[in-house]
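Trainee: Just dropping this structure here.
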Amino acid sequence: MATNSKIGWTHHTMNFWWGCNKVSAECRQCYIGAIMKRGGYAPFNGPMETKNWTNPDRWDRNAASLGERHRVFTCSMSDFFHEGADRWRTEAWEIIKRCSNLDWLILTKRPELAIERLPADWSGGYPNVWLGVTCGCMESLWRLEHLHAIPATIRFVSAEPLLERMDFRPYLSWLDWIITGCERASRGTRRVMDIEWVRDINSQCKEAN
């Protein structure tokens, strides 16, 4: 967990569980694997529940006292819809719903698993939950079809790492936000992102508006 996150698009990060396995090209240099290895948790044997789930209530009270909404990047060290976390997710949903002054940014590489893991009262989506998928290469565009099928207040894409030129035009009528970024990896292993790919996505979004 992190208060006052250094990630530019969120205030906090909250990991209800920790640990993930690689499922697509974007995962190849994922920071989670290196952290798990340094901590002695390799090979990966499934997500582990974190110990302290009290921070969200404190963040929620602070946001309310300031009359603000604060964003929480959810499961930055795992995947919220990972099958291995099924036994903890109901309690996590309860905290998310209760902390209504926080906007929970749930980013997944497993949108095909999401529908059956939503809470019973999800309906059109919790008003304080933003749902997103990772899509930094063309072979991951299928995730957008799954995302579109899920009712949500805000739907977004993380094209990070951005691995090639992407065309998001067919999806921009319902997408609310696109994050772009390069791969975080050591020099020599990092796959290069062309800044023109970012500018092209920016142009696509401007055209859609």
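Trainee: For region 154-170, which positions are open to solvent by 30 Å² or more (accessible area, probe 1.4 Å) and either hydroxyl-bearing (Ser, Thr, Tyr) or in contact with a helix residue (DSSP H, G or I) (Cβ under 9 Å, 6 or more places away or on another chain) (or both)?
Mentor: Within region 154-170, the first condition is being open to solvent by 30 Å² or more (accessible area, probe 1.4 Å), and the residues that meet it are 154-155, 160, 163-165, 167, 169-170.
Listed by number, the residues that qualify are ARG155, GLU160, LEU163, GLU164, ARG165, ASP167, ARG169, PRO170.
Trainee: Quick check on my filter: what residues within region 1-23 are in a strand (DSSP E or B) and at pLDDT below 90? Even if it seems obvious, please write down each step before you answer.
Mentor: Of all residues in region 1-23, those in a strand (DSSP E or B) come to 2, 12-14, 17-18.
Correct list: ALA2 only.
Trainee: Right, another one. Output yes when any residue across region 122-141 is in a helix (DSSP H, G or I), over 24 Å from ALA34 (Cα atoms) and open to solvent by less than 30 Å² (accessible area, probe 1.4 Å), and no when none is.
Mentor: To start, the set of residues in region 122-141 that are in a helix (DSSP H, G or I) comprises 138-140.
Then drop every residue that is not over 24 Å from ALA34 (Cα atoms), which leaves 138-139.
Keeping just the survivors that are open to solvent by less than 30 Å² (accessible area, probe 1.4 Å) gives none.
Checked region 122-141: no residue is in a helix (DSSP H, G or I), over 24 Å from ALA34 (Cα atoms) and open to solvent by less than 30 Å² (accessible area, probe 1.4 Å).
Trainee: So which of ALA63, ALA92 is open to solvent by less than 10 Å² (accessible area, probe 1.4 Å), touching a His at 6+ places or on another chain (Cβ under 8 Å) and not in a loop (DSSP other than H, G, I, E, B)? Walk me through it before giving the result.
Mentor: Details: ALA92 fails: touching a His at 6+ places or on another chain (Cβ under 8 Å).
When all the criteria are applied, what remains is ALA63.
Trainee: Which residue out of ALA42, ALA63 is modelled with pLDDT under 90, among the small types (Gly, Ala, Ser) and more than 12 Å from TRP17 (Cβ to Cβ)? Before you say what the answer is, go through the steps one by one.
Mentor: Working: ALA63 fails: modelled with pLDDT under 90.
The unique qualifying residue is ALA42.
Trainee: Hey, another quick one. In a loop (DSSP other than H, G, I, E, B), touching a residue at least 12 places away in the same chain (Cβ under 8 Å), within 19 Å of VAL23 (Cα to Cα) and of a type outside the set (A, V, I, L, M, F, W, C): is that true of GLU164 in this structure? Reasoning before the result, please.
Mentor: Numbers: in a loop (DSSP other than H, G, I, E, B): yes; touching a residue at least 12 places away in the same chain (Cβ under 8 Å): yes; within 19 Å of VAL23 (Cα to Cα): yes; of a type outside the set (A, V, I, L, M, F, W, C): yes.
Against the criterion (in a loop (DSSP other than H, G, I, E, B), touching a residue at least 12 places away in the same chain (Cβ under 8 Å), within 19 Å of VAL23 (Cα to Cα) and of a type outside the set (A, V, I, L, M, F, W, C)), GLU164 qualifies.
The values are calculated or read from the model by the stated rules, or taken from the named source; none is laboratory data. No experiment lies behind these values; they were computed from the predicted model shown. All Cβ positions, even for glycine, are placed from backbone atoms using ideal geometry, and neighbour counts span all protein chains on display. We work out accessible area using only protein heavy atoms, side chains counted, and drop any ligands, DNA or RNA first. Shrake-Rupley method; radii C 1.70, N 1.55, O 1.52, S 1.80 Å.
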